[in-house]
Amino acid sequence: MTLRFIAKDPNSNGDNCPAVWVDEETQELVIQGWKIDGTTEAECLKVGSIPETETVVRIPARMTQILREACNAADSAAVR
């Protein structure tokens, strides 16, 4: 696996914060985010289960540009 680091939350102190990578082999996004609370999980479960192999994380809207950059990186890697 080759992960390409894109960026961390620009408003963080640089440690333990939301971050985004692109897996250059699979063109998938890898996202580190804040754990959701029970209320958020209950809302998510209204549309389906969350399998044991999956999780839901929360990231701030200020990271929108970072996610766009990661999506563009994944798209360009898929074209190669």
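Based on Cα contacts under 8 Å between residues 6+ apart, the chain shows a relative contact order of 32 percent.
Among the protein heavy atoms of the chain, carbon and sulfur supply 49% of the accessible surface, probe 1.4 Å, non-protein parts ignored. Here each label is just a point 7 Å from Cα along the line to Cβ, and for Glu28 and Leu45 those points are 2.5 nm apart. The phi torsions of segment 24-34, fed into the Karplus equation with coefficients 6.51, -1.76 and 1.60 and a -60° offset, translate into couplings of 6, 7, 9, 6, 9, 8, 10, 10, 9, x, 7 Hz, rounded to whole numbers, with Gly and Pro shown as x. Taking all protein chains into account, the per residue accessible area for the chain stands at 72 Å² (1.4 Å probe). Computed 3J(HN,Hα) for segment 36-53, one whole-Hz value per residue from the Karplus formula 6.51 cos²θ - 1.76 cosθ + 1.60 where θ = phi - 60°, is 7, 8, x, 5, 5, 4, 4, 5, 5, 5, 5, 9, x, 7, 10, x, 4, 8, glycine and proline marked x.
Among the GluC sites (Glu not before Pro) in segment 20-62, those placed in a DSSP loop whose Cβ has at most 13 other Cβ atoms within 10 Å are Glu25, Glu52, Glu54.
Positive contributions from Lys and Arg (+1) and negative ones from Asp and Glu (-1), summed over other residues with Cβ under 15 Å from the Cβ of Ile50, come out at -2.
Once you list every other residue whose beta carbon is under 15 Å from the beta carbon of Asn11, what net charge do they have if Lys and Arg are +1 and Asp and Glu are -1? Overall, the nearby charge balance is +1.
The values are calculated or read from the model by the stated rules, or taken from the named source; none is laboratory data. What you see is a predicted model, and the numbers here were worked out from it, not measured in a lab. Neighbour counts are summed over all protein chains in view; Cβ atoms, including those assigned to glycine, are modelled from backbone coordinates with ideal geometry. Accessible surface is based on the protein model in full, side chains and every heavy atom, while ligands, DNA and RNA are left aside. Shrake-Rupley method; radii C 1.70, N 1.55, O 1.52, S 1.80 Å.
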